[in-house]
Amino acid sequence: MDTQFLVSFSIIIATFALYIGIAVYNKARATSDFYVASRGVPPVFNGMAIGADWMSAASFIGMAGTIMLLGYDGLAYIMGWTGGYLLLTFLLAPQLRKYGRYTVPEFIGDRYDSHTARVIAAICTIIISFTYSIGQLSGSGVVIGRLFEIDAKLGTMIGVVLIAFYAAFGGMKGITWTQVAQYVVLIIAYLIPVIFMSLQLTNSALPWLSYGELVGKMGELDRELGISEYFAPFTNGTKWQFLALMFTLMCGTAGLPHVIVRFYTVATMKAARWSGAWALLFIGLLYLSAPAYAAFSRFILMTKIAGSEITNLPAWTKSWIDTGKLQMADGNGDGVLQWSELIISNDIVVMATPEIANLGVFVIGLVAAGAMAAALSTAGGLMISISSAFAHDIFYRVWKPNSTEKTRLSVARWSIVLATLFAGLIALNPPGAITQIVAWAFALATGTFFPALVLGVWWKRSNSQGVIAGLLVGLAVTLGYIFAAKYGGFTILGIIDTGAGVFGATAAFLANIIVSLATAAPSQKIQEEVMDLRYPEQMVYKDGEVWMSEDGSTKA
Amino acid sequence: MKKIEKAVADAYFREKNRYMVIYFIIWFIVSYGVVLLAEPLSELTLMGGFPFHYFMGAQGAVVTFIILLFVNAKVGDMIDKKYGIDEAQNIKLSAGKSVDH
């Protein structure tokens with residue numbers, strides 16, 4: 001056991017003790033606590049919890065590496081994963097909060113007054129959250145495996161046990177405060193290496209301002225090497241793929257059940273607005289730093305590692321070459337490692353860079369703890385979504401309406417344990433790279449929930465037949481395009497599987513609108529409820545008139 | 001409860017939507033607009049080396065999004081105030097509404 005192992009291990013154990021401690025302290029007792037933390041979380045902290053929920057293994061571990069390898073084309077992830085918060089906060093979050101249901105399937109089921117729509121929405125929630133969680137579990141497996149120098153599969157299993165434990169016993173209340181702690185850990189872990197590298201390379205403690213210089217310099221280095229410039233647009237895909245991916249990630253953000261459910265934990269529409277703003281500020285800290293992280297990593301690799309003698313490479317290279325994610329072969333046999341002879345997987349850039357830049361054992365351990373916080377916090381939120389879709393929307397609302405609160409809570413806990421185990425089983429042999437799996441989850445949310453929620457809130461004429469058609473068509477088109485593009489090589493305008501949401505959403509909007517118009521309008525009561533979402537809580541729409549409550553009640 | 005003029009309620013809704021449309025136009029220009037014009041915009045450089053399209057993708061768009069969300073939150077509060085909405089009443093009302101099943 002070397003020093004690095006002991007330091008990393010201690011930091012991870014200390015942070016885990018903190019998360020589990022908070023979860024146990026807040027052990028949920030009542031059902032409403034379990035799902036939405038009693039709707040009393042202040043916007044600033046709710047913003048941090050949304051941030052931790054949001055920033056997954058894909059953001060923390062995968063994104064900077066993706067940008068480093070794709071250059072400008074990787075920035076679709078930066079704009080897509082932040083720009084979606086405008087759709088969410090303007091079009092959906094406050095209105096869904098006023099409607100006041102626990103979960104997304106519950107909103108769809110009640111707004112459209114259809115158990116069929118409710119069950120389809122619950123199944124979509126389970127499919128989306130499950131797909132997403134496979135990416136998180138395989139991410140945590142890579143981190144734990146690398147760190148403890150054990151097989152990544154064993155690492156995945158350790159992650160599964162941890163998630164099942166605190167999601168099942170803490171509930172959302174435990175998770176909300178746990179996630180505030182996780183946000184703090186992961187943002188510190190991400191910013192420290194970026195700031196240190198900025199000091200090393202540019203003598204500035206503000207990486208966001210200083211890395212532009214390196215981006216320009218790398219363009220020159222690339223020209224000398226005769227490869228396309230780092231910042232040249234559309235070198236790894238068409239412009240349409242860039243736009244489709246950005247659209248898919250934005251609308252997926254606004255349709256992800258585990259993110260939307262966060263907005264039910266605030267008190268009012270006003271608090272929902274502020275939570276969205278705080279959330280993007282906290283998320284933005286990491287997203288603004290990721291391209292800097294990418295630029296520094298690439299610059300160090302280009303100037304310090306490329307050009308070294310092949311027999312004299314630094315010690316860190318060996319452990320990463322052993323994982324199979326890094327290749328350094330002296331292709332032309334001249335004894336020197338050229339830039340083109342260095343092949344690095346995008347999933348290890350964030351984890352390996354502190355070692356490459358020689359930032360010391362403490363920083364390396366901290367980054368590992370941050371990566372674990374990112375993977376586990378998101379997986380925790382996903383598991384709550386899956387369990388509430390099953391225990392609340394399917395089991396309680398449709399299947400056994402007479403079940404006791406105790407039974408429902410136990411169904412919720414068992415569904416978390418089973419979903420985690422099953423996702424872990426698939427994560428042992430993941431069907432794609434972490435970012436790819438996560439992008440599929442976004443495409444599915446874009447093709448199903450985004451149209452159903454936007455029309456549900458903004459168009460009172462949309463009815464149950466319309467939403468059922470929209471959800472099914474959107475799901476089929478999105479899944480069909482993902483499979484056709486990934487396995488069949490079928491593409492339109494160069495748009496690949498990760499941009500599938502643009503077709504799913506278009507088809508779902510059309511299906512919902514056409515079928516709604518072809519069938520009877522929803523009941524007067526439902527149309528009035530939709531009109532009511534236009535106004536703040538205090539204004540109530542009733543019988544074609546708007547009423548203002550002055551004493552906190554809606555009695556006339 | 002006191003009845004309010006439908007025209008007043010509609011004005012509230014329209015005013016909020018008008019701002020929202022402005023936010024979405026800015027949102028579209030800084031993200032989709034810059035991507036559509038990425039090639040010509042890459043000729044411009046700023047802050048010691050950033051090509052303009054890269055700067056917008058990596059920082060400009062994100063900062064604009066954050067500012068728009070805070071402006072929306074603040075402007076939303078001001079519109080609520082203008083129409084006499086009291087947040088304390090909202091809290092009471094939404095607390096009563098969440099347990100209706």
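The values are calculated or read from the model by the stated rules, or taken from the named source; none is laboratory data. Bear in mind that the values here come from a model prediction, so they are computed numbers and not experimental data. Virtual Cβ from ideal backbone geometry, glycine too; neighbours counted across all protein chains shown.
Points to keep in mind about this one:
- Checking each residue in region A:473-485 for being more than 21 Å from A:ILE513 (Cβ to Cβ) and free of Cβ contacts under 8 Å to residues at least 24 places away in the same chain picks out A:PHE483, A:ALA484, A:ALA485.
- Spans of helices (runs of 4 or more DSSP H) in chain B with at least 1 residues facing chain A (nearest Cβ under 8 Å) and among the aromatic types (Phe, Trp, Tyr): B:6-28, B:52-55, B:61-82
- For A:PRO105: the one exception among (1) in a helix (DSSP H, G or I); (2) without any contact (Cβ under 8 Å) to a residue 60 or more places away in the chain: (2)
- With respect to the conditions (1) under 30 Å from A:PRO291 (Cβ atoms); (2) surrounded by fewer than 24 Cβ atoms within 10 Å (Cβ to Cβ), A:THR89 falls short on a single one, namely (2).
- The residues of region A:469-506 that are hydroxyl-bearing (Ser, Thr, Tyr) and either over 12 Å from A:THR248 (Cβ atoms) or part of a loop (DSSP other than H, G, I, E, B) (or both), listed by number, are A:TYR487, A:THR491.
- Test: residue in region A:530-539 that is more than 14 Å from chain B (Cβ to nearest Cβ), more than 29 Å from the chain's Cα centre (by Cα) and in a loop (DSSP other than H, G, I, E, B): no
- Residues satisfying the stated conditions in region A:215-231, i.e. hydroxyl-bearing (Ser, Thr, Tyr) and at the interface with another protein chain (Cβ under 10 Å from one of its Cβ atoms): A:TYR230
- Residue that is modelled with the lowest pLDDT, among those in region A:489-548 that are on the phi > 0 side of the Ramachandran plot and not charged (D, E, K, R): A:GLY544
- Among the residues of region A:317-335, those that are surrounded by 14 or more Cβ atoms within 10 Å (Cβ to Cβ), touching a residue at least 12 places away in the same chain (Cβ under 8 Å) and not polar (S, T, N, Q) comprise A:TRP320, A:LYS325, A:LEU326, A:MET328, A:ASP330.
- Residues being in contact with a strand residue (DSSP E or B) (Cβ under 7 Å, 6 or more places away or on another chain) and within 26 Å of A:GLY284 (Cβ to Cβ) are entirely absent from region B:6-21.
- One residue from A:GLY370, A:GLY432, A:GLY456, A:GLY380 being surrounded by fewer than 20 Cβ atoms within 10 Å (Cβ to Cβ), touching a Phe, Trp or Tyr at 6+ places or on another chain (Cβ under 8 Å) and of a type in the set (Gly, Ala, Ser): A:GLY432
- Of all the criteria given as (1) in a helix (DSSP H, G or I); (2) buried (at least 24 other Cβ atoms within 10 Å of the Cβ); (3) hydroxyl-bearing (Ser, Thr, Tyr), the one not satisfied by A:THR303 is (2).
- Within region A:345-367, considering residues that are surrounded by fewer than 22 Cβ atoms within 10 Å (Cβ to Cβ) and β-branched (Val, Ile, Thr), the one farthest from A:PHE60 (Cα to Cα): A:VAL361
- Of all residues in region A:262-301, those satisfying the criterion of being of a type outside the set (A, V, I, L, M, F, W, C) and under 30 Å from B:ASP86 (Cβ atoms) are A:ARG262, A:TYR264, A:THR265, A:THR268, A:LYS270, A:ARG273, A:SER275, A:GLY276.
- Near pairs, Cβ below 7 angstrom, 6+ apart or cross-chain, from region A:249-264 (closer than 25 Å to B:ILE91 by Cβ) to any residue that is of a type in the set (Lys, Arg): A:PHE263/A:ARG97; A:TYR264/A:ARG39; A:TYR264/A:ARG97
- Residue within region A:174-196 that is in contact with a Ser or Thr (Cβ under 6 Å, 6 or more places away or on another chain), away from chain B (no Cβ under 13 Å) and at pLDDT below 85 present: yes
Yes or no, residue by residue, for (1) within 14 Å of chain B (Cβ to nearest Cβ); (2) surrounded by 24 or more Cβ atoms within 10 Å (Cβ to Cβ); (3) more than 17 Å from the chain's Cα centre (by Cα); (4) closer than 30 Å to A:ALA445 by Cβ:
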| residue | (1), (2), (3), (4) |
| --- | --- |
| A:PHE234 | yes, no, yes, yes |
| A:MET246 | yes, yes, no, yes |
| A:GLY255 | no, yes, no, yes |
| A:LEU280 | yes, yes, no, yes |
| A:ARG298 | yes, yes, yes, no |
| A:ALA315 | no, no, yes, no |
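- Residues in region A:52-77 that are away from every other protein chain (no Cβ under 12 Å) and out of contact with any strand residue (DSSP E or B) (no Cβ under 9 Å at 6 or more places or on another chain): A:ALA52, A:ASP53, A:TRP54, A:MET55, A:SER56, A:ALA57, A:ALA58, A:SER59, A:PHE60, A:ILE61, A:GLY62, A:THR66.
- Filter pass, A:SER204 being touching a Ser or Thr at 6+ places or on another chain (Cβ under 7 Å) and in contact (Cβ under 8 Å) with a residue 60 or more places away in the chain: no
- Residue list for region B:4-17, filter: at pLDDT below 85, among the charged types (D, E, K, R) and surrounded by 12 or more Cβ atoms within 10 Å (Cβ to Cβ): B:LYS6
Yes/no matrix, rows are residues, columns are (1) in contact (Cβ under 8 Å) with a residue 12 or more places away in the chain; (2) of a type in the set (Val, Ile, Thr); (3) not in a helix (DSSP H, G or I):
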| site | (1), (2), (3) |
| --- | --- |
| A:THR353 | yes, yes, no |
| A:ILE364 | yes, yes, no |
| A:ALA373 | yes, no, no |
| A:LEU382 | yes, no, no |
| A:ARG397 | yes, no, no |
| A:PRO401 | no, no, yes |
| A:ILE416 | yes, yes, no |
| A:THR420 | yes, yes, no |
